[in-house]
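One structure is given below, encoded as structure tokens.
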Amino acid sequence: MPSTVLSAATLGIDAYPVHVEVDTDRSLPTFTVVGLPDSAVRESKERVLAAIKNAGYQWPRRKVTINLAPADRKKEGSAFDLPIAVGVLAASQQIKPLGLAEFALLGELSLNGSVRPVHGMLSMATSLHQQGLYGMIVPTQNAREAAIANGPLVYGVSSLSEALAVLTGDARQRPYELNVEEVFRSNANYGVDFADVRGQDHAKRALEVAASGGHNLLMVGPPGSGKTMLARRLPTILPTPTLQEALATTKIHSVAGVLSPGQALVATRPFRAPHHTISDAGLIGGGAYPRPGEVSLSHHGVLFLDELPEFRRNVVEALRQPLEDHTVTITRAQIAIAYPADFTLVAAMNPCPCGYLADARHTCTCSPAAIRRYRARVSGPLLDRIDIHIEVPALAYDDLANKQSGENSAHILQRVNDARQRQLDRFAGELFCNAQMNTRHIRRHCSLDDAGQALLEKAMARLGLSARAYDRILKVARTIADLADAPIQSQHLAEAIQYRALDRSGLQ
């Protein structure tokens, strides 16, 4: 007697329902899975067979055919183990589950019948919420994540026997209950603070401007000047994330399999710092079965590229499109998947190969040609997409020995949130921050007085700025003015020009 069990599969960061149809007949005993299964799904036979036997049931001595519908979409992963096992037992009439049509099942089976967690649970739970189900049966380790979707009742099980007990009504297990708002508040802790940073007031001001307007930033300075320390604290002053942003970030991390054990929600702005040996597929996303890359794992957060010139040229150049479009599209022969990639790029580099150019306490050993080659590893088009370039000098002893704490992240965040609110009011939902302005918005919202126009004209002529750099300066000046709750004035424009360090003669 055929049976049907509802499950789900991920596609990108979203998911869709999958009906696991099981049929048995009296032909020679075989096991066949159809519906475009990948190798993990095809190998489920051995896991399911052992799990069924160790749970006290018999594998049917019949031809077993599994169909994963819809049959025209690729199915991957091990989440179908549990629904296949239940479907086989129902089709062979070894169990009579009363509520099989009202439940969705997800989980990987081990050989002893225990249920293991799977990736992408939040996306699958969100998709199944639209099916009008009574409940979901998921691995115990995934129960918190599934409950975040606030959809069907979630039952966490640790074994195939427990899942069958829920389906047949023999279990008195209560559904998993979770207060999403409480989880969101309790997990909003970064563990670092700007109060830890000594000195570097100029750099901290630049980071505040970057956070306020959503601007990308490049720090140039010698080793040990605090570039990484500053970058790690930028998420603490980015605008307070909303629950919807946290859910979107959690979906990506869940699909990629990077959620910490037991973690249900990514309630803080993510900070990703890939090594400079990363491949373009690792950074942008891709693979035989497409997976989100670091730019998507940084969605609504910070992507930090330390030692920027050390990254391979083709890898760094691949950033140009997501920096403009805030999305990444991975195309394969039969499918195209789009991953969100709305992140703040923070990069760091030394001023020269040895790192000590213009450092008063160390002698630079690099030739002019070596310095030019080193800086040429970062292309002009990529630098033009970074709004703020700043120098981060080595700290003096007095700054290091100063025991007085700097301004904490909470105080800076208040100013950032106020500046972002002014931008939201100005753009009325069309844009979210100044960094997203195009030429039309710049003409409308970045008007200059005569003194400002004269100052910018002089800077353009002296520094040889490109048209894109001209726009970047106006955007940054608009953000600085928003922090002061004022129209753009000459002092705001002058500060924005100072944030083009690589365009100034001292670093050319």
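Within the stretch 395-420, the set of residues being among the aliphatic types (A, V, I, L, M), at pLDDT 85 or above and open to solvent by 40 Å² or more (accessible area, probe 1.4 Å) comprises 410 only.
Within the stretch 237-274, the set of residues being surrounded by 23 or more Cβ atoms within 10 Å (Cβ to Cβ), farther than 27 Å from residue 156 by Cβ and β-branched (Val, Ile, Thr) comprises just one member, 237.
Selection within the stretch 151-170: residues that are surrounded by 13 or more Cβ atoms within 10 Å (Cβ to Cβ) and farther than 23 Å from residue 50 by Cα. The member of this set that is nearest to the chain's Cα centre (by Cα) is 151.
Sub-8 Å Cβ pairs linking a first residue in the stretch 9-23 that is under 18 Å from residue 33 (Cα atoms) and open to solvent by 20 Å² or more (accessible area, probe 1.4 Å) to a second residue that is of a type in the set (Ser, Thr, Tyr) and not in a strand (DSSP E or B), at least 6 apart or interchain, are 17/127, ordered by first then second residue. Under the condition of being part of a helix (DSSP H, G or I), hydrophobic (A, V, I, L, M, F, W, C) and crowded, with 18+ Cβ neighbours inside 10 Å, the residues counted in the stretch 275-322 number 7. At pLDDT 90 or above and open to solvent by 50 Å² or more (accessible area, probe 1.4 Å) - does that describe any residue in the stretch 460-472? Checking the stretch 460-472: not a single residue is at pLDDT 90 or above and open to solvent by 50 Å² or more (accessible area, probe 1.4 Å).
Condition check ((1) over 26 Å from residue 201 (Cα atoms); (2) within 28 Å of the chain's Cα centre (by Cα); (3) not hydroxyl-bearing (Ser, Thr, Tyr)) across all residues:
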| site | (1), (2), (3) |
| --- | --- |
| 411 | no, yes, yes |
| 420 | no, yes, yes |
| 428 | yes, yes, yes |
| 432 | yes, yes, yes |
| 437 | yes, yes, yes |
| 440 | yes, no, yes |
| 445 | yes, no, yes |
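Restricting the search to helices (runs of 4 or more DSSP H) fully inside the stretch 151-215 and requiring at least 3 residues that are closer than 28 Å to residue 262 by Cβ and in contact (Cβ under 8 Å) with a residue 12 or more places away in the chain gives 160-168, 180-186.
For the stretch 3-16, the set of residues classified as under 17 Å from residue 86 (Cα atoms) and touching a helix residue (DSSP H, G or I) at 6+ places or on another chain (Cβ under 6 Å) consists of 3, 5, 7, 8, listed by residue number.
The residue pairs whose first member lies in the stretch 379-391 and is closer than 18 Å to residue 478 by Cβ and of a type in the set (Lys, Arg), whose second member is modelled with pLDDT of 85 or more and outside any loop (DSSP other than H, G, I, E, B), and whose beta carbons are closer than 7 Å, counting only pairs six or more residues apart or on different chains, are 385/320; 385/323. For the criterion of being in contact with a helix residue (DSSP H, G or I) (Cβ under 8 Å, 6 or more places away or on another chain), farther than 25 Å from residue 267 by Cβ, at pLDDT below 95 and open to solvent by less than 30 Å² (accessible area, probe 1.4 Å), residue 328 fails.
The values are calculated or read from the model by the stated rules, or taken from the named source; none is laboratory data. Not measured: the values here are computed from a predicted model. With ideal geometry, Cβ positions are generated from the backbone for all residues, glycine too; neighbour counts draw on all protein chains shown. Only protein heavy atoms, including side chains, enter the accessible area calculation; ligands, DNA and RNA are left aside. Shrake-Rupley method; radii C 1.70, N 1.55, O 1.52, S 1.80 Å.
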